1. Given the structure, is ARG127 under 13 Å from PHE46 (Cβ atoms), basic (Lys, Arg) and crowded, with 18+ Cβ neighbours inside 10 Å?
2. Can you tell me which residue is surrounded by the most Cβ atoms within 10 Å (Cβ to Cβ) among those in region 1-24 that are farther than 23 Å from THR130 by Cα and among the hydrophobic types (A, V, I, L, M, F, W, C)?
3. Of the conditions (1) under 11 Å from the mean Cα position of the chain (by Cα); (2) without any contact (Cβ under 8 Å) to a residue 60 or more places away in the chain; (3) crowded, with 19+ Cβ neighbours inside 10 Å, LEU45 fails just one. Which one is it?
4. Aliphatic (A, V, I, L, M) and assigned to a strand (DSSP E or B): is that true of ILE129 in this structure?
5. So how many residues does region 106-116 have that are without any contact (Cβ under 8 Å) to a residue 40 or more places away in the chain and surrounded by 15 or more Cβ atoms within 10 Å (Cβ to Cβ)?
6. Go through region 1-104 and tell me which strands (runs of 3 or more DSSP E), entirely inside it, have 3 or more residues that are within 23 Å of ASP124 (Cβ to Cβ) and of a type outside the set (S, T, N, Q).
7. Limited to region 48-73, what total is found for residues that are touching a residue at least 60 places away in the same chain (Cβ under 8 Å) and within 15 Å of the chain's Cα centre (by Cα)?
Amino acid sequence: MSDPNVAKWKPAGITSVWRYLDNARNFPGWHLTADAESCAALQQLFEQMLLAKYSVKTSLLTCPPTQELLCVPNNQGGKARWESVEKLHLKFDPAKQDNHWIVNPASDGLHIEIGRGKLESLRDGVRDITRGKGDYSIGPEDDSQYDEQCLWFWWQ
């Protein structure tokens, strides 16, 4: 069953999601930033998802990070090789444990499946982007999977 409020949600602005191919030991996992318009739209989405009674999912198109954005994490002076995804797929399931977190890169984009607690952390991370904060990540509770499945937040 689809939640009508989540189904009506429309993305806005520019969101970038990428991972590093160089120096991944110091910059593991995935990285996210968004402009103010996208952050506002994502905040609306997360609030609607948190109200959902059943599993909900949505997708949004993403853009590759600009050189200016890559200089924020400053991996190898902003010159480290990277790859981005064209879509971000989000699935929230209120029946899952709060700390449920699965990141799965696929040919059609990056899939993130989350429980309530992790959705709240994702919401807070996007809120921090609008406040000029970041340089931290969220991810699974399982340390053995953390580096591959974490998501970093970066300001613009």
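1. Working: under 13 Å from PHE46 (Cβ atoms): yes; basic (Lys, Arg): yes; crowded, with 18+ Cβ neighbours inside 10 Å: no.
No.
2. The qualifying residue surrounded by the most Cβ atoms within 10 Å (Cβ to Cβ) is ALA24.
3. The number of the failed condition is (1).
4. On the way: aliphatic (A, V, I, L, M): yes; assigned to a strand (DSSP E or B): no.
Against the criterion (aliphatic (A, V, I, L, M) and assigned to a strand (DSSP E or B)), ILE129 does not qualify.
5. Of all residues in region 106-116, those without any contact (Cβ under 8 Å) to a residue 40 or more places away in the chain come to 106-108, 111-115.
Subset that is surrounded by 15 or more Cβ atoms within 10 Å (Cβ to Cβ): 111-115.
Number satisfying all stated conditions: 5.
6. Working: elements: 15-20, 30-34, 56-61, 82-84, 87-92.
Fully inside region 1-104 and qualifying: 15-20, 30-34, 56-61, 87-92.
7. Number of matching residues: 1.
Every number in this text was worked out from the coordinates using simple rules, so none of it is lab data. Worth saying up front: this structure is predicted, and the values here are computed from it rather than measured. Neighbour counts are summed over all protein chains in view; Cβ atoms, including those assigned to glycine, are modelled from backbone coordinates with ideal geometry.
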